[in-house]
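The values are calculated or read from the model by the stated rules, or taken from the named source; none is laboratory data. Just so we're clear, the structure is a prediction, and the values are computed from it rather than from any experiment. Virtual Cβ from ideal backbone geometry, glycine too; neighbours counted across all protein chains shown.
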Amino acid sequence: MSPDTTHDDIATRLLAARAKRLTIAAISEGQALSLHDAYAVQSRVTAARLARGERIVGWKLGYTSLAMRQQMGIAAPNFGPLTDAMRLASGDSVSPALIQPKVEPEIAVVLGRPLEGPVSVADVAAAVSQVLSCLEVVDSVFTDYRFTLEDNTADGSSAAQVVLGAPLSVAPQRLAEMDVAFFHNGSPAGTATGAAASGDPLAGVAWLAAQLSATGRRLEAGDVIITGGLCRAVTLAPGDVVSARFGGDAGVEVSVRR
């Protein structure tokens, strides 16, 4: 990164763009940005959100599925924090403050006890207290979603809102087998299984625990972890209704006001 540009400078740019509902060119278009830099910027953006009263309630995993990596031209997964201000219930409408929202179906897990990496998938399964149907609303600050992994990481992996739906009556060890059907205004928008997320959604949680542990952090009891988009994201427009059904039964829905 340019010695004339600090992590604080970039975080300020990202926060200002969101406050004004403006998109900006990717950071990497003007300067080199390492993944270490990107997470440092993310931490500063998160600190600003916490300073205005938000609190961290969990984490999102990004680009755990091949479908999402291919759609966005990203080669590896990343992660970002979820705050209480991002949470929606099924049937809610997305915030009008979003800039260019898209939505994708995911499986969310809630932890019943802390996890500190390195951990195995079996360790993660034993720590899960609940599994939820979920839609993630992403909203990149970068124009037309043109970014690198590093840009996206700095921007919190595009985390905007998370819609938590009905609990899934499935053992954590069998999440890879969970069928998902995705709908956009009532029309099919994609199908997948939980295996689309890193082969097993819990594998991503184990990876996240290790990433956090490397910086002296851990996953806490009560944390909600959304395990990555299972289908290609769809763009949200005024009047849209997007939903997903998991296992042919439990569902979750979000809409956009006209």
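Per-structure values
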| quantity | calculated |
| --- | --- |
| Residue selected from segment 85-110 under the condition in contact with an Asp or Glu (Cβ under 7 Å, 6 or more places away or on another chain) and in a loop (DSSP other than H, G, I, E, B), by the criterion nearest to G58 (Cα to Cα) | S90 |
| Check on Q161, in a strand (DSSP E or B) and without any contact (Cβ under 8 Å) to a residue 40 or more places away in the chain | no |
| Filtered residues of segment 130-157 (kept if in a strand (DSSP E or B) and either within 18 Å of T64 (Cβ to Cβ) or free of Cβ contacts under 8 Å to residues at least 24 places away in the same chain (or both)) | V131, L132, S133, C134, L135, E136, V137, V138 |
| Total residues in segment 190-211, condition surrounded by fewer than 20 Cβ atoms within 10 Å (Cβ to Cβ) and either without any contact (Cβ under 8 Å) to a residue 40 or more places away in the chain or assigned to a strand (DSSP E or B) (or both) | 4 |
| Any chance F183 is in a loop (DSSP other than H, G, I, E, B), modelled with pLDDT of 95 or more and either of a type in the set (S, T, Y) or touching a Ser or Thr at 6+ places or on another chain (Cβ under 7 Å) (or both) | no |
| Qualifying residue in segment 175-197 (condition: under 14 Å from the mean Cα position of the chain (by Cα) and under 25 Å from E116 (Cβ atoms)) | yes |
| Criterion: free of Cβ contacts under 8 Å to residues at least 60 places away in the same chain and either of a type in the set (K, R) or surrounded by fewer than 15 Cβ atoms within 10 Å (Cβ to Cβ) (or both) - qualifying residue of G216, G248 | G216 |
